[in-house]
Amino acid sequence: MANRLSDLAKMVGGDVVGDATVEISGAAVLHEAAAGDITLIDSADRAGALANATAAAVIVPRGTNVAPDVAAKCALVRVDDVHEAFTRIVTHFRPPRELTASGISPHATIDPSAQIGAGTIIRGGAVIEEDVVLGECCIIGPGVHVMAGCKLGNDVTLDAGVVLYPETRIGHRCQLHAGVVIGCFGFGYKHVSGRHVRTAQLGNVVIHDDVEIGANTTIDRGTYGATVIGEGTKIDNLVMIGHNCRIGRHNMLCSQVGIAGSTTTGDYVVMAGQVGVRDHVHIGTGAVLGAMAGVSNDVAAGERVIGIPATPERDQKLKQAAFSKLPEMRRQLRQMQRALDQLATAGRPPREDAA
């Protein structure tokens with residue numbers, strides 16, 4: 001399927017600089033683009049990367065200029081939002097695969113007491129236990145297990161292998177990717193007579209609207225109440241959230257974040273990859289925790305912290321800069337010590353021979 005560049009530009013509201021009649025047969029990122037493809041650069045600073053490009057056209061931010069030799073071989077499409085435009089073009093050439101299954105598979109196991117909303121799809125191997133409520137237009141993937149008393153809103157997607165423990169609550173338009181486990185027992189024990197004895201884990205998990213949870217993430221149930229994930233929060237793959245946590249609205253939790261029990265966050269918090277947060281702390285609204293930060297105390301609203309232990313970004317960078325100078329400082333200190341020793345020796349009175 002080929003399209004004239006002028007047609008693609010019209011589709012995305014872009015302006016063509018160069019040959020608008022060139023035929024475009026596909027879309028690819030810059031280092032993979034071949035002749036006949038359209039590609040993208042998302043910053044004018046990267047225009048130099050087009051020197052060796054073989055693509056027929058490139059989507060660029062408005063105002064981007066390129067070298068004359070590049071312009072001669074590669075037409076430009078200037079747009080307001082490069083990624084939005086390129087997404088539309090990629091989808092045009094590679095439309096998403098439509099669902100072929102509909103309704104409820106005969107290979108799913110569904111308790112008679114479950115309530116299934118109109119338009120919901122349940123794939124083979126799924127298990128829906130007693131008193132479950134599924135909203136309208138949900139998609140329940142193969143091998144999903146929804147335990148007793150769970151309630152899901154409309155347009156919820158549970159991908160293959162998702163497990164929801166009893167009484168989990170999920171709002172509208174949520175997506176849980178493959179292998180997510182919601183509501184398993186929290187890691188709570190007490191030491192009794194030389195043994196670790198599990199404490200009560202009687203709560204549940206409540207996930208509000210428009211939440212997305214990445215593959216193989218786990219969220220533990222509350223001890224007595226709920227572990228809560230706020231509206232619009234996006235959670236990456238391989239994240240662990242402990243019992244009793246209350247995550248605010250529109251948080252971004254990147255891969256391998258670990259949050260210990262009873263921690264709370266405000267809204268619009270960002271945790272970069274491999275951040276670790278201890279139990280019973282509060283992360284304020286708009287705070288940013290840098291990659292691999294080890295957080296053991298509260299973080300104020302709007303603060304940016306990095307390092308182990310996590311400290312304000314500016315302070316940590318000053319420490320790192322000083323740390324890099326330690327070898328030279330050590331060398332200078334040893335030179336000073338030798339000089340002092342020499343001065344001390346030179347100023348010492350001559351030793352008298354014993355009588």
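The values are calculated or read from the model by the stated rules, or taken from the named source; none is laboratory data. Remember, it's a predicted structure, so these values are computed and weren't measured experimentally. Because the Cβ atoms are built from the backbone with ideal geometry, glycine has one as well, and the counts that use them run over all protein chains shown.
S102 meets each of the listed conditions (1) assigned by TED's automatic domain parsing to the domain that holds V17; (2) in a loop (DSSP other than H, G, I, E, B); (3) not charged (D, E, K, R) apart from (1). When R97, R78, R88 are checked against the criterion of being of a type in the set (D, E, K, R), in a loop (DSSP other than H, G, I, E, B) and either loosely packed, with under 14 Cβ neighbours inside 10 Å or in contact (Cβ under 8 Å) with a residue 24 or more places away in the chain (or both), R97 stands alone in meeting it. The set of residues in the range 166-194 that are part of a strand (DSSP E or B) and not aliphatic (A, V, I, L, M) comprises R169, Q175, G183, C184, Y189, K190, H191.
For the range 305-355, the candidate set comprises residues that are more than 29 Å from A291 (Cα to Cα) and small (G, A, S); within that set, the residue that is modelled with the highest pLDDT is A339. Scanning the range 51-61 for residues that are in a helix (DSSP H, G or I) and hydrophobic (A, V, I, L, M, F, W, C) gives a single hit, A51.
Yes/no per residue for (1) in a loop (DSSP other than H, G, I, E, B); (2) of a type in the set (A, V, I, L, M, F, W, C); (3) outside the structural domain of V239 (by TED's automatic domain parsing); (4) over 30 Å from G232 (Cα atoms):
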| residue | (1), (2), (3), (4) |
| --- | --- |
| G286 | yes, no, no, no |
| M292 | yes, yes, no, no |
| V305 | no, yes, no, no |
| A322 | no, yes, yes, yes |
| M329 | no, yes, yes, yes |
| L333 | no, yes, yes, yes |
| D341 | no, no, yes, yes |
| T345 | no, no, yes, yes |
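Considering only residues in the range 257-275 that are over 11 Å from M240 (Cβ atoms) and under 11 Å from the mean Cα position of the chain (by Cα), the one that is surrounded by the most Cβ atoms within 10 Å (Cβ to Cβ) turns out to be M271. Considering the range 287-341, the residues that are under 24 Å from G258 (Cα atoms) and polar (S, T, N, Q) include one that is surrounded by the fewest Cβ atoms within 10 Å (Cβ to Cβ), namely N297. Test G149 against the criterion of being within 28 Å of the chain's Cα centre (by Cα) and crowded, with 17+ Cβ neighbours inside 10 Å, and give yes or no. Here the answer is no, as G149 does not meet what is asked. Which one is farthest from D279 (Cα to Cα), of the residues in the range 175-198 that are surrounded by fewer than 14 Cβ atoms within 10 Å (Cβ to Cβ) and in contact with a Ser or Thr (Cβ under 9 Å, 6 or more places away or on another chain)? So, considering only residues that are surrounded by fewer than 14 Cβ atoms within 10 Å (Cβ to Cβ) and in contact with a Ser or Thr (Cβ under 9 Å, 6 or more places away or on another chain), the one farthest from D279 (Cα to Cα) is K190. Residue check: is H172 in the same structural domain as I235 (by TED's automatic domain parsing), loosely packed, with under 14 Cβ neighbours inside 10 Å and out of contact with any Ser or Thr (no Cβ under 7 Å at 6 or more places or on another chain)? No; evaluated as a whole, the condition is false for this residue. Do we have A85 as aliphatic (A, V, I, L, M), at pLDDT below 95 and more than 20 Å from C174 (Cβ to Cβ) here? For A85, the condition - aliphatic (A, V, I, L, M), at pLDDT below 95 and more than 20 Å from C174 (Cβ to Cβ) - is not met. T64 meets each of the listed conditions (1) part of a loop (DSSP other than H, G, I, E, B); (2) among the polar types (S, T, N, Q); (3) surrounded by fewer than 19 Cβ atoms within 10 Å (Cβ to Cβ) apart from (3). The residue that is farthest from V180 (Cα to Cα), counting only those in the range 129-146 that are buried (at least 20 other Cβ atoms within 10 Å of the Cβ) and either in contact (Cβ under 8 Å) with a residue 24 or more places away in the chain or under 29 Å from the mean Cα position of the chain (by Cα) (or both), is G135. With respect to (1) over 27 Å from S6 (Cα atoms); (2) of a type outside the set (D, E, K, R); (3) surrounded by 13 or more Cβ atoms within 10 Å (Cβ to Cβ), the lone exception for P106 is condition (3). Restricting attention to the range 208-260, the residues being at positive phi and out of contact with any Phe, Trp or Tyr (no Cβ under 7 Å at 6 or more places or on another chain) number 6. Scanning the range 234-254 for residues that are of a type in the set (S, T, N, Q) and either over 17 Å from V181 (Cα atoms) or surrounded by fewer than 18 Cβ atoms within 10 Å (Cβ to Cβ) (or both) returns N237, N251.
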